[in-house]
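**Q** Mind looking over this structure? Questions follow.
Every number in this text was worked out from the coordinates using simple rules, so none of it is lab data. The structure presented is a predicted model; accordingly, all values stated were derived computationally and were not measured. A quick note on method: Cβ atoms are made from the backbone with ideal geometry, for glycine too, and the neighbour counts reach across all protein chains shown.
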Amino acid sequence: MKHTLLFLFFYSFVLVCFSQNTKNSINYFSSRDYGKGLEATNRACVQDKNGVLYFGNAGRIIQYDGTNWNYIPVKQQSAWLFSLAVSNNNIIYVGAQNEFGYLAPNASGKLNYISLSDELDSTQKIFSKIIRVFALKNIVVFQAEEVIYLYSNNELTTILPETSFHLSFLINNEFYVRQREIGLVKLINNKLQLVDGTECFKNFGVFSILPDSDKNKLIIITREDGFWFYDNKTFKSTPIITPDSNVLKQSEIYGAIKLSDGDIAINTLNNGVIIVNENLIIQNVINENNGLKDNVVLALMQDYQGNIWAGLNNGIAQIQYSLPISEYRNEDGISGSITSIINYHSKLFIGTTNGLFFQSDNNNLSKTFISFPNFTKDVKSLCIAENNLIVGTSNGLYKINELNINLIDNVEVNSIYYSENLKVLFVAKKNHLILYENVGKWNKINEIPEITEEIVRFEEDITKIGSDIWIGTLLQGVIKLKIKDKTNYSIEKYNSLDGLIDNTWALPFKINNKVVFSQRNNLLQFVNEETIKSQLPDSLKNNPEFYRGYFDLYNLVQNNKKANMFFYLINDTKNKIYVNLDGDIGFFDKTNSYTWNTNPFCLSDIGKANVFYNENDGICWIGGDDGLLKFDENKSKNYSINYKTMFTKVSCGSNDSLLYSGYGSCSIKSSNIDYNFNTINFSFAAPFYEGQDKTQYSYMLVGQDAAYSLWNKENHVVFTNLWEENYVFKVRAKNIYGVISSESSFSFTIESPWYRKYWAYFIYFILLVFIVFLIARLNSNRLIAKNKKLEKIILERTHEIHEKNIELQTQKEEILDSINYARRIQKAVLPDDDLTINWLGNHFIIFKPKDIVSGDFYWATQITTMGHAPLTTRGLAPLLIISVADCTGHGVPGAFMSMLCISFLNEVVLKEKIVQPNWILNKVRNMIIESLKQKGVSGEQKDGMDICLCVYNNNTKELQYSGANNPLYIVRNKNKEQIICDKQLEHNDLVLYEIKGDGMPIAIYESMEPFTLHSIKLIEGDTIYLFSDGFADQFGGPYGKKFMYKQFKIALMETQNNDLVQQGKLLDKKIEDWKTFVNKDNNRSYEQIDDICVMGVKI
């Protein structure tokens, strides 16, 4: 009973002293994970060269690749496996109950157990269980209590003990074994030799031998007598006395391994895993009280990532030993969302929404943190002031001295801050800021009524005359409280007009002793008045409007996108700037160019981080909504360890025919695959054991894909209906730290189906030739018969077509005769050439119908009438009446309209003796409307004509003109008297005057005003031109454009010096040349698009 109590005392002492230093995260795996048909106990563990883990169970070897659990049966299904070893060529050797051997892949790569003990005869098979297996450089040692078997060059030899063997060890590729009643012996040249100076261990159970940092020494660990040093030079064994020796003895040591950081991990039978340093002082105890499911630890192994794997009496544990992070949650005594952290009197205090907690003392062994007695208030903020711990809660402001708590003031606190410089405690409550000082007790010294904003955070900037207290608010910008002493202060409030992004969250923090402000996606800095004044001219330095401070961007890291995210929380230390960056916990490393690093925190999830607290020994505490993190800056970890991606299974076809099953990496080649099995399944894994549930994969099938797939968590992919081709499947992984593994590939070939083989194509060709020949022969016979029938039909149809053609030709000739007759009629109604020469004198007429007959026409007559002022003043006056008109349409319809209009002109002028142009047009318009029954209703065809009509008195040289849409051109020497006109154009010595007609046709129209009369006094040498729109609208030229009126005017003036007959010929040639340009759309010259009629008369 006395010994039991003594053990419990030491055990409790160790737990208290060391469990608080580090709390390693532990992942636990039971038979529910690795196989319900397997035993809970695991007595051995090892990791192969590819990173795959193996555990010794009952009759089976368990495999784990970070994703999948598998097992490999051993010959005797009930035999316990006691030891596993990995050779340099990556062969797993197995020691079991009444059995030993190794694992070897079959043809598909799947590992099978190969027994070596079956090769022993009955005289050699003298063991009950192989308890240790070691793979030396050229030999494998299988150790039982009764015998040692040496396996080399496929041969087994035996070594028998003088008494019996206990346990064996491999140190620096040298094999040691304890022989009972003799001591430690060493394997030299396949023989055992006593190690001088180790006889003292003949009756002690040696459970581990480890190398020391001194290469000449070994550390020997016994269960009964603690630690020993063995000196290879002096051949002496010396016991090591440590303050923890009794604890280790009571824990029942079962084994130990040397860790990569130089510490030693000891597995025990009743105290879990004990970590001791190089001085053999206990650093940590990992047992049932802090996360280990079982205190009986039968085997230990450290993986390539530096974490410890433990084979337990009940399951398997992964201890995240290499991580510099400890996690504390509800089971460690903390509840609620953490709002503040502080170290007071060497004790860590945690403020949460559920109260106040502090590190446990020796009086509480089950929790790391305990609740402050009778204090469950919602803690908003903590600070140390005047040797008091000040606690701000939603129910009051408190102080703690030692473990006594007293109410300072009954206020609802949002945030508190103590200024050592001012010796003032700032307390923010809702819409108020209160100042306190300690004069034996805490008294309120001031309440600042100007600040009514909701305060969320304080930061202090010490000045020469006092302090600037920067205050961050919830929605009202930033406040600067400038304090000289406790009662003398000034206030400046800043908002979006002063450079803040908006008036939302504005949080002040200190980085490199400079106050910065976090707002949404930017850090800001304040440019103070002194800085602005130094940049102003002297005339503005005394004007406050010009030197008010403002906020500008603060560049923590140049060209880093992370610097443009929301800094919710910042804590600046000597080497790191800890940040809650838009929800991600990490730090900017000052020692490495401010590199952003989240790796230490990738495996931890405490919700939103609310507070950072840094201690001077390199420990950073991080409090969040769902727990507490402890980050040890002094513990280094390599996050860029190389690892592999491996194929675990490759199969083909719908029945999942196996191509490969194992853990192959790098390059694997497969034989050709039949086309009927062209569905290929790939399974793969990446043996990386930190955040393995977040490992992602990317792959590419060369021969089908052009690039790697997007990263995803699926470790299985299926390719269906692959075409015959040579393929290479490549896969790689990316772990939680963003490190990409080495690439592995699987090469295979899909064979062509039989119907796409070369000989099949040859048969297809022969068949095709035969079928083509047969079809051609049948078609030939069919076509011969059909041709005969068609010839008869063609003869009949040809005869019918010939008769139809004769009929159509007759009709065409009759129509053409009719049209030609119409042309003769139209020509007959036009003025006779002799008359026009007699009437007009020096003139030309270009008359070019688009078709046989024309919708354009020219008309002239001479009439002698009495006293039609203003053309005549006395006696009989010979009047020349000329016009050019454009009737609606062209061809036959236009010709009908032109003849109708000519008859109306004849009737009005010759019969009714109306000779004033505007009266003539008014009369003709009425006659057209009446004869065509035009009503002016919507959709009605508005047939009519555009016309230019002139009446000329040869005696007085006076010209009267009226026009319907068509203008009159007069060309005169520019030195002569000018003519009143609408437009004019000069060219050389000539001026072309344009007199516009009325903008309405000779037909019914929206506007039916009387036509306007224009009177012009002509002089000798003037030339007048009447025309339709056909000339100017004709398409042609090099760009397929219209001829246009401007070019028409220039052409009239360029040819002016010629005889008018010659001018007419030149104009006719110009328009014909314009049409002869090739149209790029149809590669032909341009067709005439409208009737053309131009008349020129020389005065």
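**Q** Please compute the Kirkwood hydrodynamic radius of the range 830-1098 from all pairs of different C-alpha atoms, in Å with one decimal.
**A** By the Kirkwood definition, the hydrodynamic radius is 19.2 Å.
**Q** Please compute the Kirkwood hydrodynamic radius of the chain from all pairs of different C-alpha atoms, in Å with one decimal.
**A** 41.8
**Q** Put a dot 7 Å past each Cα toward the Cβ at ASP656 and THR234; how far apart are the dots in nm?
**A** 6.5
**Q** Can you work out the PRE-style zone for LEU269? Point 7 Å along Cα to Cβ, and I want the residues of the range 286-310 with backbone N under 15 Å.
**A** Inside the label zone: 295-299.
**Q** Also: Figure the gain on full extension for ILE188 and SER78 (residue separation times 0.36 nm, minus the Cα-Cα span) and round it to one decimal in nm.
**A** Contour length minus Cα-Cα distance gives 36.1 nm.
**Q** Between SER752 and ASN634, what is the label-to-label distance in nm when each label sits 7 Å out along the Cα-to-Cβ direction?
**A** Going by the 7 Å Cα→Cβ label model, 7.2 nm.
**Q** Next up: Starting from the Cα gyration tensor of the range 646-756, take the square roots of the eigenvalues, sort them a ≥ b ≥ c, and report rounded, prolate or oblate (rounded when a/c is under 1.5, otherwise prolate if a/b is larger than b/c, else oblate).
**A** Since a/c reaches 1.5 and a/b is larger than b/c, the shape of the range 646-756 is classed as prolate.
**Q** A further question follows. Under the Karplus relation 6.51 cos²θ - 1.76 cosθ + 1.60, θ = phi - 60°, what is the ordered set of whole-Hz ³J(HN,Hα) values for the range 567-573, x standing for Gly and Pro?
**A** Once θ is set to phi - 60°, the couplings for the range 567-573 become 7, 6, 8, 9, 9, 8, 10 Hz.
**Q** What's the exposure ranking of ILE815, ILE316, going from fewest to most Cβ atoms within 10 Å?
**A** ILE815, ILE316
**Q** Any idea what angle helix 2-19 forms with the longest principal axis of the chain, computed on alpha-carbon atoms, 0 to 90 degrees, nearest 10?
**A** 30
**Q** OK, next. Which of rounded, prolate, oblate describes the range 985-1027, given a ≥ b ≥ c as roots of the alpha-carbon gyration tensor eigenvalues and a/c under 1.5 marking rounded, otherwise prolate only if a/b is larger than b/c?
**A** Prolate is the answer for the range 985-1027, as a/c is 1.5 or above and a/b outweighs b/c.
**Q** At 7 Å along the Cα-to-beta-carbon direction for both ILE465 and ILE793, put a label point, then send me their distance in nm to one decimal.
**A** Those two pseudo-labels are separated by 11.5 nm.
**Q** Is the range 903-1004 best put as rounded, prolate or oblate by its Cα gyration tensor, with a ≥ b ≥ c the root eigenvalues, rounded for a/c under 1.5, and otherwise prolate when a/b is larger than b/c, oblate when not?
**A** It is oblate, given that a/c is not under 1.5 and a/b is not larger than b/c.
**Q** More than 21 angstrom separation, counting every C-alpha pair in the range 763-913; what % is that?
**A** More than 21 Å apart: 68 percent of the Cα pairs in the range 763-913.
**Q** Listing ASP626, ASP332 from the residue with the fewest other Cβ atoms within 10 Å to the one with the most, what is the order?
**A** ASP626, ASP332
**Q** Right, here's the next one. Between ILE1089 and GLU807, what's the calculated FRET efficiency when r is the beta-carbon distance and R0 is 35 Å? Round to 0.05.
**A** 0.60
**Q** Order these by the 10 Å Cβ neighbour count, fewest first: GLU814, GLU327.
**A** Fewest-to-most Cβ neighbours within 10 Å comes out as GLU814, GLU327.
**Q** Label point 7 Å out from TRP711 along Cα-to-Cβ: which residues of the range 573-616 have amide N under 15 Å?
**A** 597-600, 602-603
**Q** Taking Cα atoms, how many degrees apart are the long axis of helix 891-906 and the longest axis of the chain, rounded to 10 and kept between 0 and 90?
**A** The angle comes out at about 40 degrees.
**Q** For the chain, what does the helix formula give at 222 nm: sum of -39500 (n - 2.57) over DSSP H segments with n ≥ 4, over the residue count, nearest 500 deg cm²/dmol?
**A** -5500 deg cm²/dmol
**Q** A follow-up question, please. Can you find, among ASN513, LEU481, GLN535, the residue farthest towards the positive end of the dipole of the range 328-632? Put +1 on the C-beta of Lys and Arg, -1 on that of Asp and Glu.
**A** So the residue furthest toward the plus end is GLN535.
**Q** Charges on Cβ only, +1 for Lys and Arg, -1 for Asp and Glu, centred on the Cα centroid of the chain; of THR353, CYS901, ILE148, which one is farthest towards the dipole's positive end?
**A** Among THR353, CYS901, ILE148, the one farthest towards the positive end of the dipole of the chain is ILE148.
**Q** A further question follows. About its Cα centre, what dipole magnitude does the chain give when the only charges are +1 on Lys and Arg Cβ and -1 on Asp and Glu Cβ, stated in debye to the nearest 20?
**A** Charge dipole, the chain, about its Cα centre: 1140 debye, nearest 20.
**Q** Treating only the Cβ of Lys, Arg, Asp and Glu as charged (+1, +1, -1, -1), what charge dipole size does the range 830-1098 show about its Cα centre? Round to the nearest 20 debye.
**A** 320
**Q** Do you know the relative contact order of the chain, to the nearest whole percent, from alpha carbon pairs under 8 angstrom that are 6+ apart?
**A** Worked out over the chain, it gives 6 percent.
**Q** Something else about it: Label 7 Å along Cα→Cβ of ILE825; the range 844-863 residues with amide nitrogen under 14 Å?
**A** Within reach of a label on ILE825: 853-854.
**Q** Return the FRET efficiency for the residue pair LEU835, LYS983: r is the Cβ-Cβ distance, R0 is 41 Å, and the value is rounded to the nearest 0.05.
**A** FRET efficiency, LEU835 to LYS983: 0.80.
**Q** Grab the beta carbon distance between ILE740 and TYR764, set R0 = 51 Å, and tell me the FRET efficiency rounded to 0.05.
**A** The calculated FRET efficiency here is 0.60.
**Q** Full-extension gain between ILE281 and LYS1080, please, as 0.36 nm times their residue separation minus the C-alpha to C-alpha distance.
**A** Once the chain is fully extended between ILE281 and LYS1080, it gains 277.7 nm.
**Q** Shifting gears a bit: log10 I(q)/I(0), Debye, Cα-only the range 328-632, no solvent, q = 0.13 Å⁻¹?
**A** -0.99
**Q** Work out how much length THR1012 to GLU420 would gain on full extension: take 0.36 nm times their residue separation and subtract the Cα-Cα distance, in nm to one decimal.
**A** 202.8 nm
**Q** Along the charge dipole of the range 117-238, pointing to its positive end and built from +1/-1 on Cβ of Lys, Arg, Asp and Glu, which listed residue (SER164, VAL185, ILE209) has its Cα farthest out?
**A** Sorting the options by dipole projection puts first ILE209.
**Q** For the range 30-36, what does the Karplus curve 6.51 cos²θ - 1.76 cosθ + 1.60, with θ = phi - 60°, yield as ³J(HN,Hα) per residue in whole Hz, taken in order and with x for Gly and Pro?
**A** 10, 4, 5, 8, 9, x, 5
**Q** Please list, in chain and number order, the residues 5+ apart from GLY315 or on another chain whose amide H is under 5 Å from its amide H, with Hs placed from the backbone.
**A** Close amide H contacts, sequence-distant or interchain: THR41, ASN42.
**Q** Compute, for the range 450-490, the length of the dipole vector about the Cα centre, with Cβ point charges of +1 (Lys, Arg) and -1 (Asp, Glu) only. Units Debye, rounded to 20.
**A** In debye, rounded to 20, the range 450-490 gives about 180.
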